[in-house]
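Take a look at the structure below.
Taken together, the values in this text are just the output of simple stated rules run on the coordinates, not laboratory data. Remember, predicted model here, so these are calculated numbers, not experimental data. For neighbour counting, all protein chains shown are included, and Cβ atoms are generated from backbone atoms with ideal geometry for every residue, glycine included.
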Amino acid sequence: MPPPEVPIPADPEALRTLDAEQLPGLARTLRRRLLEICAVSGGHLGPNLGVVELTLALHREFRSPAEPIVFDTGHQAYVHKMLTGRADLEGLRRAGGTSGYPDRGESEHDLVENSHASGSIAWAHGLDRAHRLAGKQGVSVAVIGDGALTGGVGLEALNELAADRGSRTVVVLNDNTRSYAPTIGGLARHLAALRTGEVLPGQDVFTQLGLTYLGPVDGHDLTALAAATAAAREAAEDPGSAGVVLHVLTRKGAGFARAESDAVDHWHATGPFSLVGEEATKPAARTWSARLGAAVLDAARADERVVALSAAMIDPVGLTPMQQETPERVLDVGIAEQLALDTAAGLSAGGRLPLVALYATFLNRAHDQLLLDLALHGEDVTITLDRAGITGDDGPSHHGIWDLALAAQVPGLSLWAPRDGARLDAAVPAALGTPGPSIVRFPKGACPEELPALAELPAGDVLHGDAEAPIDVLLVSVGALADRALAAGREIAASRPAANVVVLDPVRALPLGEELLDLAAGARGVLTLEDGLAERGIGAALALRLGRRATPAQPGPVVHCLGVDLEFLAHGKRDAILADQGLDVPGIARSLDALL
């Protein structure tokens, strides 16, 4: 008989008053609620099902927020939220509702949004140092997955922590053998050897570094977890030792058969689904990611020099078809984007044609490598950026709004932002065939209907208007907002039939071509449109170049740049955020009208 369910306590203090015998029933309640909530809202279900017992043990032993618990990555913090006053995860991942990651605006128990992996150990150690300097008691806790521990900053933090005698930092290593996919590398093999007993405690790498290693512990055994977290506290409070690593073994998706049996990612993330029956509700539309995967496979078939890399996200970024057909030419480097780009640089120097597939938001983590390893050396590396622009539900750290601004500052870089699937198909081989670093970026979700060109000019594809006649406003549309740009152009044409509004897709947005500059310089006004930062992106670069051409006698066109405001945007639906930023059809039409 399963244990009777126990209501979710209001806060960690109430949790600590429960008898140990009540905890299995509480764990059962938490799992049921996770399933009910995610069935409606979608979300990171698998990671949270796997940490139910672990989160209970952490909040029973450690006194958050005085003893901070930093979750890495934050998508495994749903249970933490439910135990800290947000039992129903009200409005999960909807505008104005509960964030899918820790959020300081929601609770004093949420310290670090931390959805970009591997930073938790450094955060917790920094908090611990600050507390010791202030004379405060207590420990600091980092909860990091084995996948996140493949990231450089995680390993750097362990190295630093091991040298800090007297540190009161506890590193909880949540080992479920996965990030999105199975964890790779030598450290993964070492953890596997610890799990099987092939390597004994004391012979482990953590002990050899100078840390206190405890484990492995069954992460679904509440009694074992209680003893282990108490032992971790005792070890952390020993002034003669450095930090503590508590090795906990969990199962991603634990307690939900469909998640546990899913070989792809154990329901790492899901959209809404039915709790009845065996299948989740998955979108049937052809996505940008799938289209990219097909284009990469075609390129790999056409040229044996093509090698694909990703940072622990082979399937989400569309590389599964190529991995299945040519596994020896697809490399997973773990959650380590810097490593991915530098490995690609070496592959390029060795005569290969590397393609690195990432989410746009994660390119931020490897800007130095893009600038100084790829561009400075002119290496032929193609980077594809999935989830570019406004992504929606995952919030500020996952919006891919920084890549255009970063790319526009890199000498010699070429960039394609396809407006539809057909242009994505063409962009991949074009990027692979272009010397130096290249980027191909595209948004999340389904590919739009194909937008054919009225005319193909050296400056780009004309989607609306007459580029041969005097141009009142040239609307330069970069990327997948082209359908909105076209609709806005048509709206203005209906209300102002005498105005010649030309909607142009430059096709290759970087470097800025002289033909585009010539066309723009001849217009009365120029409006640029991109789903990246307005102040630093393609439009800003175009405005600067046009400004350099201007003279008092020929001042040039008025240039307005439409894009995303320079701020961190909260989670919400993509279309709603675009509308708020003036990047929907009415907003673009208003901007066109203002220029006219």
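Put +1 on the Cβ of each Lys and Arg and -1 on the Cβ of each Asp and Glu in the chain; which of 320, 415, 17 then has its Cα farthest toward the positive end of the dipole?
The residue sitting farthest along the positive end of the dipole is 17.
How would 371, 546, 516 line up from fewest to most surrounding beta-carbon atoms within 10 angstrom?
In increasing order of surrounding Cβ atoms, one gets 371, 546, 516.
If you take the charge dipole of the chain about its Cα centre, with +1 on Lys and Arg Cβ and -1 on Asp and Glu Cβ, which of 480, 87, 519 is farthest toward its positive end?
Highest projection toward the positive end goes to 87.
Evaluate the charge dipole of the stretch 143-186 about its Cα centre and quote only its size in Debye, nearest 20, assuming +1 on the Cβ of each Lys and Arg and -1 on the Cβ of each Asp and Glu.
100 debye
Summing -39500 (n - 2.57) over the DSSP H runs of n ≥ 4 in the chain and dividing by its residue number, what mean residue ellipticity at 222 nm do you reach, to the nearest 500 deg cm²/dmol?
Details: 22 runs with 211 residues, N = 596.
Per the formula, -10000 deg cm²/dmol.
Collect residues whose amide H, placed 1.01 Å from N in the peptide plane, falls under 5 Å from the amide H of residue 564; neighbours closer than 5 in sequence don't count.
532, 533, 534
From Cα pairs below 8 angstrom and at least 6 apart in sequence, can you work out the relative contact order of the stretch 48-175, rounded to a whole percent? Kindly include the intermediate steps, with their values, before the conclusion.
Numbers: 198 pairs, mean separation 33.6, N = 128.
The value is 26 percent.
Considering Cα pairs under 8 angstrom that are at least six residues apart, work out the relative contact order of the stretch 288-441 and quote it in whole percent.
Relative contact order, the stretch 288-441: 23 percent.
Restricting to Cα pairs below 8 Å that are 6+ residues apart, what does the relative contact order work out to for the chain? Please round to a whole percent.
After rounding, I find 11 percent.
What does the charge count around residue 131 come to, taking other residues whose C-beta lies under 11 Å from its C-beta (Lys +1, Arg +1, Asp -1, Glu -1)?
+2
What's the extension gain from residue 558 to residue 95 if we count 0.36 nm per residue and subtract their Cα-Cα distance? Walk me through the numbers before you get to the answer.
Working: separation 463, 0.36 × 463 = 166.68 nm, distance 3.54 nm.
Full-extension gain reported as 163.1 nm.
Please compute the net charge surrounding residue 95, taking Lys and Arg as +1 and Asp and Glu as -1 over other residues with Cβ under 12 Å from its Cβ.
Summing Lys/Arg as +1 and Asp/Glu as -1 gives +1.
Aspartates and glutamates within cross-link reach of residue 444: Cα-Cα under 17 Å, excluding same-chain residues under 8 positions apart?
Correct list for residue 444: 315, 386, 393, 394, 403, 420, 425, 483, 530, 531, 575, 584.
Count charges around residue 437 for me, please; just the other residues with Cβ under 10 Å from its Cβ, Lys/Arg as +1, Asp/Glu as -1. Write out the running numbers ahead of the final one.
Working: positive: none; negative: 373, 379, 380.
Cβ neighbours under 10 Å give a net charge of -3.
If you line up the long axis of helix 538-549 against the longest principal axis of the chain, both from Cα atoms, how many degrees apart are they, to the nearest 10?
Result, in degrees: 40.
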